Each structure stands twice: as C-alpha cells, then as structure tokens.
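First up is the structure itself, then whatever we jot down about it.
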C-alpha cells in the first residue's frame, strides 16, 4: 500500500507509472481551447441552432446565411464569412470557422432563437476575447485563482 | 436522478455567481455567467464533460500563461501536410510511405539548394584493383556513405538549380520560397 495524501489509498499495482511519477492530470494537462471551446461549446451551440432549432425551416436558415454573408468583418481581421457554407455544413466546420461564428453569432441570431439561448450566445461571445488574449497585464484581475475562490466560499 | 443532480449543480452555480459578482476576476466571472446562462436554457448541456472542464481554465491560465500559448490549433493544421503525403499511397504501410515521401522531399530540396552529395563512379570490373584488406572488411570499390576524398563530393549543376532560381510551383512545394515577412504589432 502507498499513501497518497488526501486521496484514496490505492495499491501500487493499480497505479500507472505516470501517476507514481507525480503527474496530476487535472493540474498538468491544460484545458485545450481549440477542442473545449471552438470545437466544444461553439460547435455544440451552432449545431444545435442550425440542426435542431432551425431544422427544416429553410426560410430562417436562408435568412441566417444571408445575415452571415453580409456581416461586416472589418473589425475582426478575417475574410468575409461564407454564410451558406457555415449553415449548410454546420456539422463539418473547422476551428477557424467557429472562431468567426462565436464573434458574429449574437448579431445574426438575435431574433431566431429564444431569449435563454440568445443570452448563452452573448455570454460565450464575451468569453472569447478574454480567452484569446495573447498578453495578460494583471493576472489577478483577469482570472481569480481557486485559492481565493475557495476562501470566498 | 439526473435532474436532481443538474438542479443542485445549477443552484451551486448560482451561489458561485452571487459570491463572484463582487470580485473583479473577469474571466472567472464570465465563465460562470456563461454556465449559468446554459443552465437556465437547458440543463441537458451539462451531460457534456466540457462544461465542467471549462471551470479549470482560469487555473491553467494562471499556471501556463495565456491560453493561446497552449492551444493546439496551429499544430493540428500540420495534419493536412502529413495527410497530403499519404495521397498516392496504397495505405498498406501509411507511416512508412509518409516518412519516405518526406525523406524524398528533403533529398530533392538538399540537391536543388546546391547541397553536396557523395558520388563515386563504380570502377569497371576489369580495372578494379585487388581488394585491399580494410578494418571494416569492406572492399574499397564499394560505394561508401562517407568520403574524405574532396573530389567525390558533388553538387547539382546550373541546369537543375535554374529550376528553383525564381519562385514557382516547384519551390512552393519544396518549401524553398523565401519566408514571408512576419507581421508584428505596433
């Protein structure tokens, strides 16, 4: 038996080599923003919107595509959006497409979805620039660490 | 059971939000706000593990720096380059074919860049001297991978090198183009 502080006491042979060497997957494997956010939340929400909520309503889908195509991207530093592609192939888009969608969505879906759904899109759009920040001047103001978080509880 | 769990989870979230409205931790606050919005819309989102994993992000930003530094986005796109080398393969041994295709690319690039290669003409059979005993036991007329004789190192002539004198499809494929100037911030 070996004693892992604060954890279950597990027989040594049940532990893989990495755990014995001191790897804590929760701490040591960072949250990967491509798969967790772009190909995670943004993809979930976008597919839900296009495939479930709009579903067979071709008029609304057409409207969404048109709005995306005519969306002003001059502030985003990307090429104009291909609305029809983003809507028609909502199941097989890449991270780059979702990055554009996450920033444009609140401005193009506002009257196509329920208020709760819209609020979620707005919340997600607000998170995007915070996460993709290449430089953080004040880490404490940017993200509170769990220590203070637990202390607050 | 699931609903009870989801409810208690979202109630916990509400508590967290209340406490955190006071703190100015921007990212943390926005993440919890997003989760609260998702919970209010439909708790079925929380069947997805990523909604929990997301909560660890502020810790990891604190530990590893801005999240863009540990995103796999740029590296993931290299898959396309590797995959492109597998196009004309029968897929019986994909790794070997891809490795050989890259090695071939490297070889051609080396030759077209004017790199040296060890080239010794095999002597005609009649003129061959008697094999001298060598330490490796190898006959001296056998092509060796390395030579200390300067004259056996050759490089490609002007004909092949003219092919890559100006940027064209060949240089583009072989990565011989000049590097694009990296844009820098102001």
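The values are calculated or read from the model by the stated rules, or taken from the named source; none is laboratory data. Quantities reported herein were computed from a predicted structural model and do not represent experimental measurements. Glycine also receives a Cβ, built like all others from the backbone with ideal geometry; neighbour counts cover every protein chain displayed.
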**Asked** Among the residues of the stretch A:22-47, how many are free of Cβ contacts under 8 Å to residues at least 40 places away in the same chain and either surrounded by 14 or more Cβ atoms within 10 Å (Cβ to Cβ) or assigned to a helix (DSSP H, G or I) (or both)?
**Response** 11
**Residue identified as under 30 Å from residue A:137 (Cβ atoms) and within 14 Å of chain A (Cβ to nearest Cβ) among B:63, B:44, B:40** = B:63
**Item:** Index of the failed condition, residue A:29 passing every other in (1) under 20 Å from the mean Cα position of the chain (by Cα); (2) at pLDDT 90 or above
**Value:** (2)
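Considering only the stretch A:113-135, state which residues are outside any helix (DSSP H, G or I) and crowded, with 18+ Cβ neighbours inside 10 Å.
First, pick out the residues of the stretch A:113-135 that are outside any helix (DSSP H, G or I): A:113-114, A:132-135.
Within the stretch A:113-135, A:113 is the sole residue that qualifies.
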**Prompt:** For the stretch B:11-55, how many residues meet the condition of being at pLDDT below 90, surrounded by fewer than 17 Cβ atoms within 10 Å (Cβ to Cβ) and more than 40 Å from the chain's Cα centre (by Cα)?
**Reply:** 10
